[in-house]
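> One structure is given below, represented as structure tokens, and several questions about it will come after.
Rule-based calculations on the coordinates, nothing more; no lab input. Bear in mind the structure is a predicted one, so any value in this text is a computation, not a measurement. Every residue, glycine as well, gets a Cβ built from its backbone with ideal geometry; the counts of neighbours run over all protein chains shown.
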Ligand code: IYR
């Protein structure tokens, strides 16, 4: 047995047979392959307890020095959602009418996006993922390690948890996003990372016809 070190506890592994491993990995791939980003939501409510579990799951992601440099702001308030929509649409109007290059606009054509964002009010929940680049410790700024990577990982876990609950989401990036700090009254060590509407898909929702890269296109084995 490995020497026990202070501050360490035994790791209790999950144990699967080779057969089970193959089956589970294949099943999980097919399950995750069904995840799609949605832009059209139903206003059907989602219980807060579900959102709480989804956020708890996100926070199981690894992070630099286990600093967990994230805050998840979960908004169901109609007033706050409408403030967010108003401010986001103002920024997006500027993006679609001058700030984005012609090439960018062309690349977005297949997705049919524009500056109008009704999902920001219709989706029952908006989760705003905040990145904490530093903490105040005894009044001093202390940088968090790999904050961007860590928050990216936690957001991936969040999206998987949303999918697992049978819900849909959009990884939305209104830009610039500083209006969110203001609307939500967040401290200066937090910066908005992603805005994620969460809910059920609208009845008759459609998604762009996309193909994912094949294993051959995106993996190299050595
Ligand atoms: N933030 C804008 C534009 C946009 C950019 C990318 I890259 C997308 O994949 C989708 C949209 C918007 O949300 O409309």
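> Who wins for biggest fluctuation among 202, 65, 147 in a Gaussian network model of the chain, springs between alpha carbons below 10 Å?
For the chain, modelled as a Gaussian network with Cα springs under 10 Å, the answer is 65.
> If you take the square roots of the eigenvalues of the alpha-carbon gyration tensor of the stretch 1-78 and sort them as a ≥ b ≥ c, do you get rounded (a/c under 1.5), prolate (a/b over b/c) or oblate?
Verdict is oblate for the stretch 1-78.
> Could I ask something else about it? What is the packing order of peptides 69-77, 122-130, 16-24, taking the mean over residues of other C-beta atoms within 10 Å and listing the highest first?
The peptides rank, most packed first, as 122-130, 69-77, 16-24.
> Also: How much length, in nm to one decimal, is gained on full extension between residue 114 and residue 20, taken as 0.36 nm per residue of separation minus their Cα-Cα distance?
29.3 nm
> Hey, what's the per residue convex hull volume over the C-alpha atoms of the stretch 127-222, in cubic angstrom?
Here the figure is 174 Å³ per residue.
> So how far, in whole Å, is the C-alpha centre of the stretch 100-129 from the one of the stretch 1-57?
One Cα centre to the other: 28 Å.
> Work out, step by step, the length gained on full extension between residue 43 and residue 145: first 0.36 nm times the residue separation, then minus their alpha carbon distance; give nm to one decimal.
Fully extending the segment from residue 43 to residue 145 adds 32.9 nm.
> Also, I was wondering about something else. Can you give the relative contact order of the stretch 122-170 as a percent, counting alpha carbon pairs under 8 Å and 6+ residues apart?
Relative contact order here is 25 percent.
> Follow-up question, since we're still on this one. log10 I(q)/I(0), Debye, Cα-only the stretch 1-137, no solvent, q = 0.10 Å⁻¹?
-0.61
> Then there's this: Go ahead and estimate [θ] at 222 nm for the chain from helices alone: -39,500 (n - 2.57) per DSSP H run with n ≥ 4, summed, over the residue count, rounded to 500.
Computed ellipticity for the chain at 222 nm equals -11500 deg cm²/dmol.
> Still on this structure, I have one more. Choose one answer from 15, 132, 36: the residue with the largest mean-square fluctuation in a GNM of the chain with alpha-carbon springs under 10 Å.
Its mean-square fluctuation being the largest, the pick is 15.
> Can you tell me which of 151, 198, 46 moves the most in a GNM of the chain? Springs connect C-alpha atoms under 10 Å apart.
Among 151, 198, 46, the largest mean-square fluctuation in the Gaussian network model of the chain belongs to 46.
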